[in-house]
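Below is one structure, written out as structure tokens, with a few remarks after it.
Read-outs throughout are calculated quantities, based only on the coordinates presented, and are distinct from any laboratory measurement. As the structure is a computational prediction, the values presented were derived from the model and not from experiment. FYI the Cβ positions are ideal-geometry reconstructions off the backbone, even for glycines, and counts take in every protein chain you see.
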Amino acid sequence: MNKILCVTNVLAGLLAFSLQIAALFIYLEWVPFIIIWIILWGGIYLVIFGVLLIKKKFKSSEAVTGMAVVAVLIGITLIGLFSWRISSYQEAIANCGLTKICDRAAIDSLMIISGILAVIVNGIVATKASSFVSQQICS
């Protein structure tokens, strides 16, 4: 179970990172600069945290819990920002036609799913932090 959580954390980070890179190429003029950096670094953080769990680099459960809480906050940020963005152009989705709004809606929806995944996985990691340190199952 712990190994699945570790790998899922890495995959959630890679998903968030790669979707944001794709979003930059699809609609660079629509993306606020701060959102770019939040999501890029958020995805990188999730990947690094998952790799550290897999490599058994944590010596205390408090460190695992602290990093998992930050990862949950990143997931909440993903959910909030991209839900707000979808709600801002919801009426235009029905008439997407030749515009890039449908691409934007698809990527934003996947970013919300990535955020939900990050919240669930890291919530479980935070509650089971001692098992990641003492048993070191992520091998």
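Structure notes:
- A straight chain from ILE48 to GLU91 at 0.36 nm per residue would run longer than the Cα-Cα distance by 11.7 nm.
- Under Karplus coefficients 6.51, -1.76 and 1.60, residue-wise ³J(HN,Hα) of region 15-25 in Hz, glycine/proline x: 5, 4, 5, 5, 5, 5, 4, 4, 5, 4, 6
- Furthest towards positive pole of dipole, PHE25, SER88, LEU40, structure part region 2-134, Cβ charges: LEU40
- Put a plus charge on the Cβ of each Lys and Arg, a minus charge on the Cβ of each Asp and Glu, and nothing anywhere else: the dipole of region 2-134 about its Cα centre is then about 620 debye.
- Seen through its C-alpha gyration tensor, with square-root eigenvalues sorted a ≥ b ≥ c, region 50-121 comes out prolate because a/c lies at 1.5 or above while a/b is bigger than b/c.
- Karplus-based coupling profile of region 71-88, in residue order and whole Hz: 5, 5, 5, 5, x, 5, 5, 4, 4, x, 5, 7, 5, 5, 5, 5, 5, 6, with θ = phi - 60° in 6.51 cos²θ - 1.76 cosθ + 1.60 and x standing for Gly or Pro.
- Over region 2-134 - Rg/Rh using Cα atoms and the Kirkwood inverse-distance radius: 1.06
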